[in-house]
């Protein structure tokens, strides 16, 4: 088995929603990002790439490459799933924590879990999504951005 962890953060900017786990979540602001800025998927991809010792999301999908401008991050996750299979691994489980004061994750967590499970071709019971605040401390607490961290366990096929 292999374990990986990932982290991602994006500042808030213009917009009326954020994308989390492939779900468009209404919010008074958007995120500043090259792709869709989905911190959940970006952290999860980094966890998978880390467990496979294959670098990070920026190496696979460089922000300098215009092909990824505004890209749906779910394609990044499907790429990570393909690499897992090519290297002889399957997802044991994934645990993702969204960090920020807003938007509220709870009402969208089940839809996020469904998207991630579909893209990773696993049972929804292998995916955990939860959220926490920083009690108004730091950039997330001041409402300047949103972050996510992820941990995965990969098992040999």
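Computed from the coordinates by the stated procedures, all read-outs in this text should not be read as laboratory data. Because the structure is a prediction, the values reported are computed rather than measured. Glycine gets a Cβ as well: all are built from the backbone with ideal geometry, and neighbour counts include every protein chain shown.
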- Nearest 10, in degrees from 0 to 90: the angle of helix 39-51 to the longest Cα principal axis of the chain is 30
- Query: For the chain, what does -39500 (n - 2.57) per DSSP helix run (n ≥ 4), summed and divided by total residues, give at 222 nm, in deg cm²/dmol to the nearest 500?
  - Reply: -8500 deg cm²/dmol
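Please report 119, 38 as a ranked list, fewest other C-beta atoms within 10 angstrom at the top and most at the bottom. Kindly include the intermediate steps, with their values, before the conclusion.
Details: 119 21, 38 29.
Going from sparsest to densest Cβ surroundings: 119, 38.
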- Per GNM of the chain with C-alpha springs under 10 angstrom, the most fluctuating residue out of 34, 87, 60 is 87
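Quote the relative contact order of segment 2-156 in percent (integer), defining contacts as alpha-carbon pairs under 8 Å separated by 6+ residues.
Values: 367 pairs, mean separation 50.4, N = 155.
That works out to 33 percent.
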- Rounded to the nearest Å, what's the spacing between the alpha carbon centres of segment 76-114 and segment 124-140? Just the number, please. 13
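Determine, for each peptide in 132-140, 13-21, the mean count of other beta carbons within 10 angstrom over its residues, then list the peptides with the highest first. If you can, show how the numbers build up before the last one.
Details: 132-140: 13.1, 13-21: 19.0.
Those peptides, ordered most packed to least, come out 13-21, 132-140.
Rounded to the nearest 0.05, what FRET efficiency do residue 93 and residue 56 give with R0 = 25 Å and r taken as the Cβ-Cβ distance? Could you check? Write down the numbers at each step before the final one.
Working: r = 21 Å, r/R0 = 0.84.
Taking R0 as 25 Å, the efficiency between residue 93 and residue 56 is 0.75.
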- Can you give the angle from 0 to 90° between the axis of helix 74-86 and the longest principal axis of the chain, with both taken from C-alpha atoms, to the nearest 10? 20
- Message: Among (i) 13.7; (ii) 8.4; (iii) 8.9, only one was calculated for this model; which label is it, if the read-out is mean projected area of the Cα convex hull in nm²?
- Response: (ii)
